[in-house]
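Chemist: I have a structure here, written as C-alpha cells, and I will follow up with some questions on it.
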Amino acid sequence: MPKKKLSHRLFSALVSLLLHGKPISRSSSNTNTTLPHPSLLHKSSSSSPPMEKLAVKTLVLDVEGGLLRSSSLFPYFMLVALEAGGFLRGLVLLLLYPLLCVMGSDMALKVMAMVSFCGLRASRFRAGRAVLPKWFLEDVGEEGFDVMRSAMRRVCVTKMPRIMVEGFLKEYLEVEVVLGREMKVIWGFFTGIMEEEEEGGDQEEVLLEEKKMLVDVVGFSTSLEFLQHHLSHCCKEVYLVTREEKARWSALPRDKYPKPMVFHDGRLAFRPAAGDTLAMFTWLPFGAALAVARLAVALAVPYRYSTPILAATGLSWRLKGEAPAPLAAGAGDGARRRRRGQLFVCNHRTLIDPVYVSVALDRPVRAVSYSLSRLSELISPIGRTVRLTRDRDSDGRAMARLLDGGDLVVVCPEGTTCREPCLLRFSPLFAELSDDVVPVGIAVDTAMFYATTAGGLKCLDPLYYIANPRTCYAVQFLERVDTSPARERRAPSTDVANLVQRRMGDALGYRCTMLTRKDKYLMLAGNDGVVNTTQDNHSAPGKKKMQ
C-alpha cells in the first residue's frame with residue numbers, strides 16, 4: 001500500500017475517533033469493522049462483549065494510557081529522585097517542573113529521566129521493586145485492570161524506563177512481558193540517557209507468529225500516541241477510550257490485587273505530585289526545628305506533662321480501652337510468679353513503639369530490640385534498651401533476667417517493622433518466657449514521612465518520625481493470654497504465638513501472614529536483614545502462604 005494512502009487512512013481514522021469516539025479496527029483484509037467501545041469491556045451491552053473474546057487473545061497494553069489513571073509521570077520520577085538520589089536531586093527536579101510543563105511529552109520524559117537517574121549506581125537501584133510498586137498499584141484503574149486480566153497473554157509497553165515498572169508489572173500484576181526503554185550504563189553508573197526502543201525486536205516477531213497461528217493480537221490504550229508504537233502494527237484491533245471515560249475510572253480495590261502489598265520501602269508517605277512536593281520542601285526547615293524542640297521536650301519533661309505538649313505540636317496518641325493495672329504480689333503458689341515482671345507483646349510499626357506503651361502505662365518499661373542504632377538508643381526517652389542478638393538461647397536468657405528482676409518488658413515478636421495493615425509471623429520465644437502475656441495492638445498514622453526503612457539509614461528513623469507535621473499513635477491493650485501450656489510443654493509454643501497473632505489481627509483489623517523479616521529484607525534491600533550480602537543479589541524471596 002502506498003505510504004500516502006496509508007497515512008491518509010490513518011489520519012481519517014484518527015479524526016473519526018476524535019469526533020465520534022469510535023475505536024479503531026485493523027484487519028488483514030483491510031475491511032473496517034466497528035468494534036464496541038472499550039468502556040463496554042466491563043459493562044453489559046447489547047453488543048457482543050469482548051471480555052470473553054480476550055480470553056483467547058494476546059493483549060498489548062499501554063501502561064500509561066490503558067492501566068494507570070493518572071496522566072502525569074512526574075510523581076514516579078520524583079520518587080526515584082528522592083528515594084534513590086536524595087533531597088537535593090528531588091529539589092532540582094521540582095525546580096525544573098515549570099519547564100517540563102511547556103516541553104513536549106517526549107522531551108520532558110528525557111529530562112526527568114536524566115535528573116532522576118544520572119549518577120546512580122545501577123547495581124544498587126532497587127526503587128523499581130521496593131518503592132514504586134505501592135504507588136503504581138494505588139494508581140491502577142479497575143477498568144483497565146479488568147481488561148488486562150481477561151486476556152490470555154499480556155504484553156505491556158511503557159514510555160518510562162523499563163527498570164522503573166518491570167518489578168511492579170511482573171511481581172504484582174503477573175504480566176508476562178514488559179517492553180520499555182533501557183537506561184544507558186557506563187562503569188556501573190546510570191548516565192541518565194534512555195536508549196531508543198528498537199523496532200522489529202523479538203517480541204514483535206513473536207506477535208507476528210501468533211497472528212500467523214490465528215491467535216488474535218489486540219491493543220488497548222487511551223492515548224493516540226500508542227498508535228505510533230511499533231507493536232501497535234501487530235494488533236488486529238486497537239481499542240481506544242476517551243479521556244473523559246478514563247477520568248471516571250475507579251481505583252483498583254486492595255482485595256483485587258493479584259499479590260497483596262505487604263512490604264515497601266522509601267521515606268515518603270504521600271504521592272509526590274508537584275504541589276505536594278513543594279509543600280514538603282517548604283515544611284522541611286520548620287520540621288527540622290520542630291523536631292529538635294519535640295525531642296528536647298520528650299527527654300526533659302515527665303510523661304504526664306510532655307504528652308499534652310507534644311500533642312499540641314502534632315505528635316498525638318490515643319489509648320483504646322484501658323491500660324492493665326499493675327500485678328500485685330499475692331499469696332500461695334502464685335506469689336513467686338506474680339513477683340516477676342510483666343511481658344507486653346506488641347506488633348512492630350516503628351522504633352518508638354515501646355515509648356508509647358510506656359506512656360500508655362504511665363510506668364517505665366524495658367524494651368528489647370534487634371539492630372538498634374546508637375543514636376536511637378541515645379535519644380530514647382525510656383532509658384537504656386536491651387539489644388538482642390537473634391540467638392534464641394542468649395536472647396531468652398536476657399529477657400528472662402529482666403522478668404526475674406521485676407521489669408516491665410516490651411517485645412516485638414515480628415522481628416521487624418511492617419507498614420501495611422498486616423502482621424508478620426510471630427517468633428514463639430515470648431511464649432516460653434512468661435505465663436502471663438499482655439498483647440498490645442499498635443497502629444500509626446503519619447502525614448509526610450515513614451519512620452522505618454529497609455535500605456536507608458536506620459539511625460534517622462526516629463528523627464523522620466518527629467519531623468512529621470502530624471502523627472498519631474493508637475495503643476490498644478488486649479486481654480491477657482495464658483501461655484503456661486507452652487511453658488509447661490503441654491502445647492507447642494508456635495501455637496500460642498499464632499493465637500496471639502490472630503487475636504491481635506482481629507483487634508486491629510490486620511491480615512495475619514507467615515512472612516518473616518528475611519522475606520522483607522530480601523525483597524527490599526537484597527540481604528537477609530542481618531549482614532550485607534552482595535549488592536547485585538536481586539533474587540526474590542520464597543513465597544509464603546497467607547493465613
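Chemist: Going by the conditions given, is ARG124 farther than 24 Å from GLY65 by Cα and of a type in the set (Lys, Arg)? Break it down stepwise before answering.
Modeler: Values: farther than 24 Å from GLY65 by Cα: yes; of a type in the set (Lys, Arg): yes.
Yes, satisfied.
Chemist: Tell me, which residue of region 171-190 that is over 18 Å from ALA122 (Cβ atoms) and either among the acidic types (Asp, Glu) or more than 26 Å from the chain's Cα centre (by Cα) (or both) is surrounded by the most Cβ atoms within 10 Å (Cβ to Cβ)?
Modeler: Ranking the qualifying residues of region 171-190, first place goes to GLU171.
Chemist: Then there's this: Step by step: first the residues of region 486-521, then only those that are modelled with pLDDT under 90 and among the hydrophobic types (A, V, I, L, M, F, W, C), then the one that is farthest from PRO439 (Cα to Cα). Which residue is that?
Modeler: Only one residue tops the list, namely ALA491.
Chemist: Tally time: how many residues in region 477-494 are open to solvent by less than 40 Å² (accessible area, probe 1.4 Å) and in a strand (DSSP E or B)?
Modeler: Filtering region 477-494 for residues open to solvent by less than 40 Å² (accessible area, probe 1.4 Å) gives 477-478, 481, 483-486, 491, 493.
Then drop every residue that is not in a strand (DSSP E or B), which leaves 477, 481.
Count: 2.
Chemist: Quickly run through region 152-170 and pick out the residues that are in contact (Cβ under 8 Å) with a residue 40 or more places away in the chain and either surrounded by fewer than 21 Cβ atoms within 10 Å (Cβ to Cβ) or in a strand (DSSP E or B) (or both).
Modeler: Within region 152-170, the first condition is being in contact (Cβ under 8 Å) with a residue 40 or more places away in the chain, and the residues that meet it are 152-161, 164-165, 168-169.
Once the filter is applied, which keeps residues that are in contact (Cβ under 8 Å) with a residue 40 or more places away in the chain and either surrounded by fewer than 21 Cβ atoms within 10 Å (Cβ to Cβ) or in a strand (DSSP E or B) (or both), region 152-170 yields MET152, ARG153, ARG154, VAL155, CYS156, VAL157, THR158, LYS159, MET160, PRO161.
Chemist: Quick one: which strands (runs of 3 or more DSSP E) sit completely within region 361-435 and have at least 1 residues that are at pLDDT below 80 and closer than 21 Å to ALA454 by Cβ?
Modeler: Working: elements: 366-370, 386-388, 409-411.
By residue number, 366-370, 386-388.
For every residue, the table says whether it meets (1) open to solvent by 50 Å² or more (accessible area, probe 1.4 Å); (2) under 22 Å from the mean Cα position of the chain (by Cα); (3) over 17 Å from MET194 (Cα atoms).
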residue: LEU61; (1), (2), (3): no, no, yes
residue: ARG69; (1), (2), (3): yes, yes, yes
residue: PHE74; (1), (2), (3): no, yes, no
residue: VAL115; (1), (2), (3): no, no, no
residue: GLY119; (1), (2), (3): no, no, no
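Chemist: Suppose the filter is at pLDDT 85 or above and not charged (D, E, K, R); does VAL297 pass it? Spell out how you get there, then give the answer.
Modeler: Numbers: at pLDDT 85 or above: yes; not charged (D, E, K, R): yes.
The answer is yes for VAL297.
Chemist: A follow-up question, please. Of all residues being over 16 Å from MET261 (Cβ atoms) and of a type in the set (Lys, Arg) in region 495-524, which is surrounded by the most Cβ atoms within 10 Å (Cβ to Cβ)? Just the residue, please.
Modeler: This residue is ARG517.
The values are calculated or read from the model by the stated rules, or taken from the named source; none is laboratory data. What you are looking at is a predicted structure, and each value in this text was computed from that prediction instead of being measured. With ideal geometry, Cβ positions are generated from the backbone for all residues, glycine too; neighbour counts draw on all protein chains shown. These area figures cover heavy atoms from the full protein model, side chains too; ligands, DNA and RNA do not enter into them. Shrake-Rupley method; radii C 1.70, N 1.55, O 1.52, S 1.80 Å.
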